[in-house]
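*Asks:* Sharing a structure here in structure tokens format.
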Amino acid sequence: TGAAGDAEVSCVSAYVQADGTLGGMPFFQTPAAWGTVHVHGDEILPSKAYHVAAEAFGGFVTGSAAGTTWMWGDVNNNLIVNFSDIGFVVKGFQGDFSTIAREAVDLEPCTPNGDINFADISRAVQAFQGISYTESGCPAPCP
């Protein structure tokens, strides 16, 4: 479930690849091989609702499920952006992921790159200051 004001993204139609990026061709593997995948890319925006379905060999498609991405800068997903979020990013910069996932604190560039640095801390501060995702220089939602 998402917070009030979530918008649905209807302009993304792609397949999740093994590395979590989106692509034009389906990538098939067993559920055990998939495990947990952190889907990311310029198409995945904060505070947006996405509908997803799994497609299996032979064209079988599961029912659609919905999910909402976390609020911009809310790295612990508690529906507010505060000093705690900045602190979690600083802990990630220090290499401590014991309380928060690396993917959650990877805010810069706009799509995760696996490198937690001062730019990630700066993005967390911007989110705390109320600077929106697009105002911070990240891509605008697709039309």
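The values are calculated or read from the model by the stated rules, or taken from the named source; none is laboratory data. These numbers come from a predicted model, not from an experiment. Quick reminder, even Gly has a Cβ in these numbers, built from the backbone with ideal geometry, and neighbours come from all protein chains shown. Heads up: the accessible areas ignore ligands, DNA and RNA and are worked out on the full protein's heavy atoms, side chains in. Shrake-Rupley method; radii C 1.70, N 1.55, O 1.52, S 1.80 Å.
*Asks:* Answer yes or no: is there a residue in the range 70-92 that is under 22 Å from VAL12 (Cα atoms) and of a type in the set (A, V, I, L, M). Please lay out each step first, then the result.
*Replies:* At the first step, the residues of the range 70-92 found to be under 22 Å from VAL12 (Cα atoms) are 70-72.
Keeping just the survivors that are of a type in the set (A, V, I, L, M) gives 71.
For the range 70-92, residues under 22 Å from VAL12 (Cα atoms) and of a type in the set (A, V, I, L, M): present.
*Asks:* When you scan the range 104-143, how many residues do you find that are within 17 Å of LYS48 (Cβ to Cβ) and not small (Gly, Ala, Ser)? Steps first, please.
*Replies:* First pass over the range 104-143, keeping only residues within 17 Å of LYS48 (Cβ to Cβ): 104, 107, 110-112, 127, 132-136, 138-143.
The next check asks that each one be not small (Gly, Ala, Ser); those that pass are 107, 110-112, 133-135, 138-139, 141-143.
So the answer is 12.
*Asks:* So the check is Cβ under 6 Å with 6+ separation or different chains; which pairs have a first residue in the range 55-66 that's open to solvent by less than 60 Å² (accessible area, probe 1.4 Å) and a second one that's at pLDDT 70 or above?
*Replies:* From residues that are open to solvent by less than 60 Å² (accessible area, probe 1.4 Å), the pairs are THR62/ALA53; THR62/ALA54; ALA65/VAL52.
*Asks:* Still on this model: Filter the range 94-113 down to the residues that are among the hydrophobic types (A, V, I, L, M, F, W, C) and under 16 Å from the mean Cα position of the chain (by Cα), then identify the one that is surrounded by the fewest Cβ atoms within 10 Å (Cβ to Cβ).
*Replies:* ALA101
*Asks:* Moving on. Do we find a residue being surrounded by 15 or more Cβ atoms within 10 Å (Cβ to Cβ), on the phi < 0 side of the Ramachandran plot and part of a loop (DSSP other than H, G, I, E, B) anywhere in the range 117-124?
*Replies:* No: zero hits.
*Asks:* While we're looking at this one, here's another question. Looking at the range 2-33, which of its residues are in a strand (DSSP E or B), open to solvent by 50 Å² or more (accessible area, probe 1.4 Å) and modelled with pLDDT under 80?
*Replies:* If the condition is that a residue be in a strand (DSSP E or B), open to solvent by 50 Å² or more (accessible area, probe 1.4 Å) and modelled with pLDDT under 80, then GLU8 is the only one that fits.
*Asks:* Related question: Considering only the range 68-87, I want to know if a residue exists there that is outside any loop (DSSP other than H, G, I, E, B), in contact with a strand residue (DSSP E or B) (Cβ under 6 Å, 6 or more places away or on another chain) and open to solvent by less than 80 Å² (accessible area, probe 1.4 Å).
*Replies:* Checked against the condition, which is being outside any loop (DSSP other than H, G, I, E, B), in contact with a strand residue (DSSP E or B) (Cβ under 6 Å, 6 or more places away or on another chain) and open to solvent by less than 80 Å² (accessible area, probe 1.4 Å), the range 68-87 yields at least one hit.
*Asks:* Please give the number of the condition LYS91 fails out of (1) out of contact with any helix residue (DSSP H, G or I) (no Cβ under 6 Å at 6 or more places or on another chain); (2) open to solvent by less than 60 Å² (accessible area, probe 1.4 Å); (3) outside any loop (DSSP other than H, G, I, E, B).
*Replies:* (2)
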